[in-house]
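Worksheet for the structure shown next.
The values are calculated or read from the model by the stated rules, or taken from the named source; none is laboratory data. Remember, predicted model here, so these are calculated numbers, not experimental data. All Cβ positions, glycine included, derive from the backbone under ideal geometry; neighbour counts span all protein chains shown. The accessibility values were calculated without ligands, DNA or RNA, using every heavy atom of the protein model including side chains. Shrake-Rupley method; radii C 1.70, N 1.55, O 1.52, S 1.80 Å.
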Amino acid sequence: MGYTVCKIAEIISGKILPGGDPGTEIRDLLIDSRRLIRPEGTMFIAIVTSRNDGHQYIGELYEKGVRVFLVSKNPTEISGSEKREARSENLATSLPRYLATFIIVDDTLRVLQHLAAWHRRQFDIPVIGITGSNGKTIIKEWLCQLLSPDLNVIRSPKSYNSQIGVPLSVWKMEKENELAIFEAGISQPGEMEKLEAIIQPVYGIITNIGHAHDVYFASAIQKTDEKLRLFKHSKLVVYCSDHELIDRCVKFCDPNRTFVPFSWSRKKDADLFVKEVTKDVNKSVTNISVVTKTGEEFSFSIPFTDEASIENAIHCCALILAMKEENKSEKRKAKSENLATSLPRYLATLKERFATLAPIAMRLELKDAINRCSIINDSYNNDFNSLSIALDFLVQQNQHIKKTVILSDILQSGMDKNELYNEIAALLGSKGIGKLIGIGRDMNKYSEKFLMQKNFFYTTDDFLLHYPVSSFQDEAILLKGARIFEFERISNALQQKAHETVLEINLDAMVHNLNHYRSLLGPGVKMMAMVKAFSYGSGSFEIANLLQFHRADYLAVAYADEGVELRKSGIHLPVMVMNPEEHSLDTLLKYNLEPEIYNLNILSQLEEAVKRNQASGQEAIRVHIKLDTGMHRLGFQEDEIDGLIAHLTGSEVARWRGSEKEGSKIRNSEKRKAKSEIIEIQVVSIFSHLASSEDPAEDNFTREQIVRFEAMSSRIITALGYPVLRHILNSAGISRLSEAHFDLVRLGIGLYGVGANEGEQQKLRNVSSLRTIIIQHKKIKKGETIGYNRKGKAKTDSIIAVIPIGYADGLDRRLGNGKGKVFIGGKSVPIIGNVCMDLCMVDVTGMETNEGDEVVIFDDLHPVMEIAKAAGTIPYEIMTGISRRVKRVYYHE
């Protein structure tokens, strides 16, 4: 459904600025300039948050063809730091007089929510709202699998459940839809009321209550009550009464609620009693039997045995049965009657559909593949919205110029197939995809719509038989297939083989941490992200790609070769090199890396390197001056500042003097003429390092450092005569010392999920999880020894498990002999004997374990701080010590 600009302005009470075409029909809403699919029919909404301002991307989007903008600032008033570059500045100020159409409002986010709520009210169809701490997305996807064969279902893409994600999801409702399913997530009090007005659910499910976002609520009761506000005007809400907190809040928190509660339980009387749950682990099947209050019994099986899947499946079953009962007793309006008549027919096949529920790909995984390729595996579900999300992740992979998509037919889209494949072709084209491999009858039928290099096969077997996988070379490959096409077979053929120990890096958690620290900064303060030491063990270009996509201002590495790797992988952000070595200076200049200058010797060496590399084409050599304010490591001390200033401003060498407007910049023609004689040094930043930013007991010394830094840097900036960035804060300092943010801050360990104190830690998300498996069991008799030097000794008859991780992988030797522990099935087990190079042994006596069972070294529930404490070290050492031979898997949730 489309609305004209005039109609949208009327709905939201916005003012259309002169110029452009108010009759333009809008179908798509865009809030992120990086995710533009096609400009025609798109309205960009310039949302302002504590971390970003969408108005600064107006010029960029205009150049890409977008012509309609919803703004809260008149474009002629966009100024200074809000504009990105000269070309965009000129364009932005001329937009109202050109071809763009602007609607101006006071708050673009509030208006987006209002517009989506208005759009929702145009539909008289049942809407299911789902909230809770865990399971929302899986329940939503499973309900779609169970109901979509009978009804045209619209649902939230992936986990679009936020203050922005919900309105964008609801906007996708079309007149053909017969049922809608939306999930809602909140992190602070007062948020759910806004989402309720947008979703307006008729039916609801609340899954469970976990500890996420506890820091923002006074109590668990307050958080539960906030989530239940989603159902303020609902007719019926399903929940598990075994969750006592939810049960109590449903019954007692708000007497004014009008919804009918529908409870299910495995322990006590409820509207739906779970009579029996039996697991067949060998067949990976769980059989479930439930009984309604009227005595009607229903049994079904699911192809999963984990407790979370069992609970999610019962939620789905309970809602469907509750909807059936509600529709028996109440005649609904036209569209709802379709639901009422569909459900009884549907129940005859419900058992069959539960038995074939497909696993949900909750994350996009990035892994190394054969022939220097990277593979993104999203082979469990396939619809148009999730394809768009996966393509965005593919496009971020700058380490490969070539981008390839292996795509199956898209099933049960609810769209006309000709229109659907037109949309897919346009989407792939807009993302610059160079090669497509299509698998399925529909992909073959509509193959002419795709204009890139392409190959088509009817089945996955045909592809594996006739397409040589060895032909994939130096490319990023996205696997996107419906479950029945078994794309995991393609993934197995393409993946680079590695041993069973894996470090998983949650990229969404990293973005969360980045945005947390950004939210603490004042206007105009820039962010430098530390990616030295292989990004604290997390990876190189994989992390840099993410930070570049999310618009970090600077990256910092320890040595030039780290920066070169980033440049070769398509990273174009400015990169500071903290330890420039004389032998690396030529390379540093070649790849446009920016050295830290900590004494006159390295500055002189740099000048000599510049003389040797006059053909490099750089207009200025950008450097960062390091001051020693009390750390007493690298940097100029106070008594060396005069010498530094004299060197930087000396007449023997031509220096960078700032802007042309100030009359001190050497003109381009003069530069070309005197190229062999001049060296241009631009001091980009001046910085220092705090010795104890995380320790409140050392705050007096820390503040002395800050005062000293301000005085020393001011002397240099005054002498240079042009603006220079200043920075002194690391992760701990960002949160603790807001008065010293200056112009830029350096985010290091906090980016990777390690906070300076308990309060900070609660606001961060864990990024890395180190896992392995059991590869063998051993029965050990009392008195026998385990491992090198016979350090491990069995005190009783014991069972040990051998796991393939050792000190060559980064498992610290100090963790041996019972000092360290790992986790199997959620239980801690001690490491027995010395840690070997490639293996270690753990005591699993009294536990039921099997070869192949997962073993956790650290993860969300068992943070890296614990293992660091056991080893008598700090998290930095544990994280940076994880060997590169350990396979890294990067994923988006």
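Collect the residues in segment 245-256 that are surrounded by fewer than 20 Cβ atoms within 10 Å (Cβ to Cβ) and within 36 Å of the chain's Cα centre (by Cα), keeping them in residue-number order. The answer is 245, 247, 248, 253, 254. For residue 817, the test of being open to solvent by 80 Å² or more (accessible area, probe 1.4 Å), more than 30 Å from residue 697 (Cβ to Cβ), among the polar types (S, T, N, Q) and in contact (Cβ under 8 Å) with a residue 12 or more places away in the chain is failed.
The residue that is farthest from residue 564 (Cα to Cα), among those in segment 581-600 that are assigned to a helix (DSSP H, G or I) and among the polar types (S, T, N, Q), is 584. Give me the residue from segment 389-401 that is open to solvent by 20 Å² or more (accessible area, probe 1.4 Å) and in a helix (DSSP H, G or I) and, out of that set, farthest from residue 148 (Cα to Cα). Ranking the candidates gives 395 first. For segment 780-802, the count of residues that are touching a residue at least 60 places away in the same chain (Cβ under 8 Å), over 27 Å from residue 558 (Cα atoms) and touching an Asp or Glu at 6+ places or on another chain (Cβ under 6 Å) is zero. Please verify whether residue 598 is buried (at least 18 other Cβ atoms within 10 Å of the Cβ), at positive phi and hydroxyl-bearing (Ser, Thr, Tyr), treating the condition exactly as stated. Criteria not met by residue 598.
Is it the case that some residue within segment 487-508 is under 28 Å from residue 154 (Cα atoms), open to solvent by 30 Å² or more (accessible area, probe 1.4 Å), in contact with a strand residue (DSSP E or B) (Cβ under 6 Å, 6 or more places away or on another chain) and part of a helix (DSSP H, G or I)? Yes: segment 487-508 contains one or more residues that are under 28 Å from residue 154 (Cα atoms), open to solvent by 30 Å² or more (accessible area, probe 1.4 Å), in contact with a strand residue (DSSP E or B) (Cβ under 6 Å, 6 or more places away or on another chain) and part of a helix (DSSP H, G or I). For residue 285, indicate whether it is farther than 18 Å from residue 132 by Cβ, of a type outside the set (Ser, Thr, Tyr) and in contact with a Pro (Cβ under 7 Å, 6 or more places away or on another chain). So residue 285 fits the description; yes.
Output yes when any residue across segment 129-145 is of a type in the set (Lys, Arg), farther than 22 Å from residue 239 by Cα and buried (at least 20 other Cβ atoms within 10 Å of the Cβ), and no when none is. So far as segment 129-145 goes, no, none of its residues is of a type in the set (Lys, Arg), farther than 22 Å from residue 239 by Cα and buried (at least 20 other Cβ atoms within 10 Å of the Cβ).
Here's a check for you: in segment 367-388, which residue that is farther than 20 Å from residue 142 by Cα and open to solvent by less than 10 Å² (accessible area, probe 1.4 Å) is nearest to the chain's Cα centre (by Cα)? Out of the qualifying residues, it is 376. Residues of segment 867-893 that are more than 18 Å from residue 750 (Cβ to Cβ) and open to solvent by 60 Å² or more (accessible area, probe 1.4 Å): 869, 872, 884, 885, 893.
For segment 280-302, a tally of residues being touching a Phe, Trp or Tyr at 6+ places or on another chain (Cβ under 9 Å), of a type outside the set (Val, Ile, Thr) and either surrounded by fewer than 17 Cβ atoms within 10 Å (Cβ to Cβ) or over 15 Å from residue 353 (Cβ atoms) (or both) returns 4.
Here residue 65 fulfils each of the conditions (1) over 20 Å from residue 38 (Cα atoms); (2) open to solvent by 10 Å² or more (accessible area, probe 1.4 Å); (3) at pLDDT below 95; (4) not aromatic (Phe, Trp, Tyr) apart from (1). Taking the listed residues 838, 859, the one that is in contact with a strand residue (DSSP E or B) (Cβ under 6 Å, 6 or more places away or on another chain) and among the charged types (D, E, K, R) is 859, with no other qualifying. Right, residue 462: acidic (Asp, Glu) and on the phi < 0 side of the Ramachandran plot or not? The answer is yes for residue 462.
Here residue 250 passes the criteria (1) within 23 Å of residue 115 (Cβ to Cβ); (2) modelled with pLDDT under 95; (3) touching a Pro at 6+ places or on another chain (Cβ under 8 Å) except the one numbered (1).
Taken across segment 543-563, residues that are crowded, with 17+ Cβ neighbours inside 10 Å and farther than 30 Å from residue 724 by Cα do not occur at all. The one condition from (1) under 22 Å from residue 764 (Cα atoms); (2) modelled with pLDDT of 90 or more; (3) open to solvent by 30 Å² or more (accessible area, probe 1.4 Å) that residue 160 does not meet is (2). The helices (runs of 4 or more DSSP H) found wholly in segment 690-801 and carrying at least 2 residues that are among the hydrophobic types (A, V, I, L, M, F, W, C) and surrounded by fewer than 18 Cβ atoms within 10 Å (Cβ to Cβ) occupy 699-720. Among the residues of segment 1-18, the ones that are surrounded by fewer than 16 Cβ atoms within 10 Å (Cβ to Cβ) and either within 25 Å of the chain's Cα centre (by Cα) or in contact (Cβ under 8 Å) with a residue 24 or more places away in the chain (or both) come to 6 in all. Looking only at residues in segment 553-571 that are without any contact (Cβ under 8 Å) to a residue 60 or more places away in the chain and in a loop (DSSP other than H, G, I, E, B), the one that is nearest to residue 529 (Cα to Cα) is 558. Contact map, segment 46-72: residues that are touching a residue at least 12 places away in the same chain (Cβ under 8 Å) and part of a loop (DSSP other than H, G, I, E, B) paired with residues that are charged (D, E, K, R) and buried (at least 19 other Cβ atoms within 10 Å of the Cβ), Cβ distance under 7 Å, separation 6+ or inter-chain. Pairs shown: 51/518. Mind checking which residues of segment 187-202 are free of Cβ contacts under 8 Å to residues at least 60 places away in the same chain and open to solvent by less than 10 Å² (accessible area, probe 1.4 Å)? The answer is 195, and nothing else. Within segment 253-287, the set of residues being in a loop (DSSP other than H, G, I, E, B), without any contact (Cβ under 8 Å) to a residue 12 or more places away in the chain and not acidic (Asp, Glu) comprises 255, 256, 282, 283. In this structure, does residue 437 turn out to be out of contact with any Cys (no Cβ under 8 Å at 6 or more places or on another chain), farther than 24 Å from residue 893 by Cα and open to solvent by less than 30 Å² (accessible area, probe 1.4 Å)? So residue 437 passes the test.
Kindly establish whether residue 178 is over 28 Å from the mean Cα position of the chain (by Cα), open to solvent by 10 Å² or more (accessible area, probe 1.4 Å) and touching a residue at least 60 places away in the same chain (Cβ under 8 Å). Yes.
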